[in-house]
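Taking it in order: structure first as structure tokens, then the write-up.
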Amino acid sequence: MSSQHAVIVGGSSGIGLATAAHLLEKGYRVTITGRDAAKLRTAAENLDGDVAAAVMDAADLAGLPAAFAAIGPLDHLVLALGGGNGAGPFATVDLVDVRKGFEQKTMAHFACAQACLPYLSKQGSITFVSAVSAQAAMPGTAGLGAINAAIAALAPILAIELKPIRVNCISPGVVDTPWWDFLSADQKEPTFASFAARTPVGRVGRPGEIAEAIAFLIGNGFTSGHTLICDGGIRLGQ
Ligand SMILES: NC(=O)c1ccc[n+]([C@@H]2O[C@H](COP(=O)([O-])OP(=O)(O)OC[C@H]3O[C@@H](n4cnc5c(N)ncnc54)[C@H](OP(=O)(O)O)[C@@H]3O)[C@@H](O)[C@H]2O)c1
């Protein structure tokens, strides 16, 4: 058991919420954050354990120092926020949307990692949630791949600059979360079936599986500067 404090930015849904549940089970104290106060409150109410909630827009760079000051000391930061901006075929992808993707994910991760530093334990860690689009050559993901590869590039650099704080990254494959809710139920099923067919383990991932991998990166004191790809093997391009 641990009484360490983990802050999960983007903890009200999907991978972040599953990570909150997993860390609470392991005895961590957890603060979840997100932009939507009602969604955040519902998420916190449905979690068991020592959990707090703090409304935060991680893309509001100027507001982050005060947001982290309000949260106070923490041992681990998990950056699980991000949306779907930047997807589409390279030749036609909307550049405004790609820029928004960088602002909403890459810059937000970068700025949160910086803003938490005055409060982050030297024995603690930062874990970025990137995406397998950074490693897999999937058509239609040039924007997403660039957005997520930039995040993965931070882990080894920060592992040196911020030592002894450990800094890691996780790169999930396709995971069944509300991230995919831009698809209707009718669209989601064949989309997931197509991804499953291209994934060596034969299915898409579950948020809890990514949460387990994040908990490993947080808990293992000898792992730093690493990107852990947790994708069922889809990057291998079967
Ligand atoms: N699902 C997948 O297949 C998959 C695969 C690879 C990588 N990922 C990555 O994993 C991360 C989590 O995705 P998910 O699937 O768990 O998505 P999700 O279920 O949509 O969760 C996203 C979370 O981030 C929060 N959020 C979004 N923008 C935010 C902001 N500016 N400030 C603070 N919180 C923000 C959301 O809450 P609010 O909307 O209330 O702010 C929500 O809690 C994303 O970075 C995504 O790119 C997902």
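The values are calculated or read from the model by the stated rules, or taken from the named source; none is laboratory data. Since the structure is predicted, the reported quantities are computational estimates derived from the model, not experimental observations. Glycine also receives a Cβ, built like all others from the backbone with ideal geometry; neighbour counts cover every protein chain displayed. Side chains included, ligands, DNA and RNA excluded: accessible areas come from the protein's heavy atoms. Shrake-Rupley method; radii C 1.70, N 1.55, O 1.52, S 1.80 Å.
Net charge around Val129, counting only other residues with Cβ within less than 14 Å of its Cβ (Lys, Arg = +1; Asp, Glu = -1)?
That sum, taken over residues with Cβ under 14 Å, equals -2.
In whole Å, how far is the Cα centre of segment 129-154 from that of segment 187-238?
Cα centroid of segment 129-154 versus Cα centroid of segment 187-238: 14 Å apart.
Where both residues lie in the chain, what percent of DSSP beta bridges are antiparallel, nearest 5?
Rounded to the nearest five, the antiparallel share is 0 percent.
Using Cα positions and a limit of under 25 Å, work out the lysines in reach of Lys26, with same-chain residues fewer than 8 apart set aside.
The reachable lysines, counting only those whose Cα sits under 25 Å from Lys26, are Lys39, Lys122.
Using 1/(1 + (r/R0)^6) with R0 = 25 angstrom and r between the beta carbons of Arg206 and Arg41, what's the FRET efficiency to the nearest 0.05?
0.55
What does the charge count around Asp181 come to, taking other residues whose C-beta lies under 15 Å from its C-beta (Lys +1, Arg +1, Asp -1, Glu -1)?
On the way: positive: Lys39, Lys188; negative: Asp36, Asp176, Asp186, Glu189.
With Lys, Arg at +1 and Asp, Glu at -1, the net is -2.
Percent relative contact order of the chain, based on C-alpha pairs within less than 8 angstrom and at least six residues apart? Kindly include the intermediate steps, with their values, before the conclusion.
On the way: 510 pairs, mean separation 46.8, N = 238.
Computed value for the chain: 20 percent relative contact order.
Accessible area per residue, 1.4 Å probe, Å², for segment 52-160: what's the number?
Values: 4770 Å² over 109 residues.
Averaged over the residues of segment 52-160, the accessible area is 44 Å².
Taking a ≥ b ≥ c as the square roots of the eigenvalues of the Cα gyration tensor of segment 4-94, is the shape rounded (a/c under 1.5), prolate (a/b larger than b/c) or oblate?
prolate
Rounded to the nearest percent, how much of the accessible area of segment 5-237 (1.4 Å probe, protein heavy atoms only) is carbon and sulfur?
Percent of accessible area from carbon and sulfur atoms in segment 5-237: 57.
Can you give the Rg and Dmax of segment 5-237 based on its C-alpha atoms, in angstrom?
Radius of gyration, then largest Cα-Cα span, for segment 5-237: 16.7, 48 Å.
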